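Read the structure below first, then the notes.
Where a number appears in this text, it was derived from the coordinates with a stated rule and is not lab data. This one's a predicted model, so the numbers in the text were calculated from it and none came from an experiment. Heads up, the Cβs are rebuilt from the backbone with ideal geometry, glycines too, and the neighbour counts pull from every protein chain shown.
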Amino acid sequence: MNTLYWFTRDLRLHDNAALLAASRSDMLLCVFVVDPRWFSPGQFQSRAMGEHRWRFLWQSLMALERGLRPLGQRLRIAYGKPETVIPELVHAHGIARVVRSRQPGTQEAIQWQSLKEQLPDTLFQQFETLSLFTEGSLPMALPELPDTFSQFRKQVEKTGERCTERLRIRTLTALPPPPGFADDNRGECPPIAKPQHPLQFIGGEEAGLEQLRQFLFVRHGIDNYKETRNALDTWDASSKFSPWLANGSLSVREVAETIAEYERSDTKNESTYWLWFELLWREYFHWYALKHRASLFRRDGVQRKRRPATFYGHRFMAWCQGNTEYPLVNAAMNQLRETGYMSNRARQLVASCFVNELELDWRYGAAWFEQQLIDYDVASNYGNWQYLAGVGADPRGLRQFNLEKQAKQYDPLGTFVDRWGGHADQPVGLHTVDAADWPIL
Ligand SMILES: Cc1cc2nc3c(=O)[nH]c(=O)nc-3n(C[C@H](O)[C@H](O)[C@H](O)COP(=O)(O)OP(=O)(O)OC[C@H]3O[C@@H](n4cnc5c(N)ncnc54)[C@H](O)[C@@H]3O)c2cc1C
């Protein structure tokens, strides 16, 4: 059988059950599709792919190709809409089966369905490689996924299993041959922008596995993680696994198993538990997105709670550009724009400011994050934004952080604000409205 393997958010050879299934073929065509629509502004003004993630993704694809070559394989990078590109490849190479990893997100589901309809004689298979558990190994049926994280956590912890160890797959060492094909159309993809700051995140499986080893076994950042994780700007304060987890160059099961190994061989304490606890948040939002589908993107969220919000263009622009009356928010937004990363605490603060102080529709903030974040993940991003906007998985409703108090607690000397230029020269006040300020990004 000839198989097309569609790489999406699983850019790795280790622990990749979908690729293993695809490898049981006579011929294997490995494809990644770069969709031109990612680079144009969408409904909420922002683009689906900003320059930082695009650079990181490109590095990850190049690393994947380097990993595939010794196995006699190649990566075909196609530039076009998947609904067009995949059928063309299926016809050109006599493909009988298309395989990919199952993923949340409505666009992704629509595309998959459209391909099935266009290619009724082709077998379509998805495997669950992006999460700790599979749908079948969750302690509840997906429609019964609890409304809150803590109920979910309690049910998972009752099973005594931190992840489905038996699902972890060894690194692939052999793959069937590719079909002969001419050069792909990677040359048509948008150029990669030069970074403004030295790169801390380098894309690819090898770099992701190295970060895992460094954070645990070399720098032992995990030992005090529970105490340090809220720091605004310290590399070792948190794991920094998120960009690699988001595009799948690092497997979350690999991370969970390595934490367990570390607990057996080095240290087991509240902090080592807490790192797994945070992975469980990611897990919860993964299943939450698959359960709630289009409701993940609704203004009134899964709770169907309408909150007053409007679109003040000048406020939105000021927030994006780090030009508000709140230095801490500005600093974090500048850091995001310049590097593609922001700590979890800062994400909470800027999102709270967006919804509460600036009274904006949370979906614009989420879309800006989607464009800017190097670790953008549809489930974690929209799940967290809904949570903070009081329309998602938070039983306590809307949360508002006191920005002054937070600045005193997390940036007492103002070093974070200074480093990222948080004191705007001419901050835009809440009530400065000028038609000329209406944003066009
Ligand atoms: C408004 C908002 C938007 C966010 N958008 C994203 C996103 O698009 N992609 C993303 O990966 N994370 C997102 N997060 C979650 C979190 O901020 C990042 O995962 C974290 O800051 C990444 O840094 P780290 O890897 O050092 O995390 P660590 O603190 O070291 O945590 C380890 C891992 O646990 C997971 N994790 C930790 N906190 C969360 C959380 N609150 N929700 C889900 N998973 C979590 C991540 O996979 C992370 O890599 C968002 C949070 C907020 C408040």
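Okay, here's what the table says:
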{"quantity": "The chain, relative contact order in percent, only Cα pairs under 8 angstrom and at least six apart counted", "calculated": "20"}
{"quantity": "Percent of beta bridges antiparallel (DSSP, the chain, rounded to nearest 5)", "calculated": "5"}
{"quantity": "Highest-MSF residue in the chain out of GLN371, GLN113, GLN43 [GNM, Cα springs under 10 Å]", "calculated": "GLN43"}
{"quantity": "Fewest-first sequence of TYR364, TYR79, TYR262 by Cβ atoms within 10 Å of each Cβ", "calculated": "TYR79, TYR262, TYR364"}
{"quantity": "Beta bridges by DSSP in the range 1-129, antiparallel share as percent, to the nearest 5", "calculated": "5"}
{"quantity": "Order of TRP385, TRP274 under a 10 Å beta carbon neighbour criterion, fewest first", "calculated": "TRP274, TRP385"}
{"quantity": "Whole-number D in µm²/s for the chain (Stokes-Einstein; Kirkwood sum over Cα pairs; 20 °C, 1.002 mPa s)", "calculated": "94"}
{"quantity": "Separation of the ARG37 and ALA294 label points, Cα + 7 Å toward Cβ, nm", "calculated": "1.5"}
{"quantity": "Cβ-based net charge around ASN356, under 11 Å, with every Lys or Arg adding one and every Asp or Glu removing one", "calculated": "0"}
{"quantity": "Selected from GLY208, ILE192, PRO178, residue furthest toward positive end of dipole (the range 165-230; charges at beta carbon)", "calculated": "GLY208"}
{"quantity": "Global geometry of the range 1-129, whether rounded, prolate or oblate, following the gyration tensor of its Cα atoms and the 1.5 cut on a/c", "calculated": "oblate"}
{"quantity": "Helical mean residue ellipticity (222 nm; -39500 (n - 2.57) per DSSP H run of 4+; nearest 500) of the chain", "calculated": "-12500 deg cm²/dmol"}
{"quantity": "Prolate/oblate/rounded call for the range 313-437, Cα gyration tensor, a/c under 1.5 rounded", "calculated": "rounded"}
{"quantity": "Between the range 283-321 and the range 360-425, the alpha-carbon center distance in angstrom", "calculated": "13"}
{"quantity": "Prolate/oblate/rounded call for the range 261-368, Cα gyration tensor, a/c under 1.5 rounded", "calculated": "oblate"}
{"quantity": "Calculated FRET value between ASN185 and LYS268, using beta carbons and R₀ = 60 Å, to 0.05", "calculated": "0.75"}
{"quantity": "Between the range 112-139 and the range 6-52, the alpha-carbon center distance in angstrom", "calculated": "14"}
{"quantity": "Net charge of neighbours whose Cβ lies under 13 Å from the Cβ of GLY204, counting Lys and Arg as +1 and Asp and Glu as -1", "calculated": "-1"}
{"quantity": "Spin-label model distance (nm) - GLU227 vs SER114, 7 Å beyond Cα toward Cβ", "calculated": "5.3"}
{"quantity": "Unit charges at the beta carbon, dipole of the chain: most positive-side option, VAL417, LEU250, PHE285", "calculated": "PHE285"}
{"quantity": "Convex hull volume per residue in cubic angstrom - Cα atoms of the range 160-235", "calculated": "213"}
{"quantity": "Residue order, fewest to most surrounding Cβ atoms within 10 angstrom, among LYS226, LYS408", "calculated": "LYS408, LYS226"}
{"quantity": "Cα-centre dipole for the range 56-164 with unit charges at Cβ (Lys and Arg positive, Asp and Glu negative), debye to 20", "calculated": "460"}
{"quantity": "Proximal charge balance of LEU19 [Cβ under 11 Å; K/R count +1, D/E count -1]", "calculated": "+1"}
{"quantity": "Total charge dipole magnitude, the chain, about the Cα centre, Cβ charges on Lys, Arg, Asp, Glu only, Debye to nearest 20", "calculated": "600"}
{"quantity": "Top positive-direction residue, dipole computed over the chain with Cβ charges, set SER380, VAL302, CYS320", "calculated": "VAL302"}
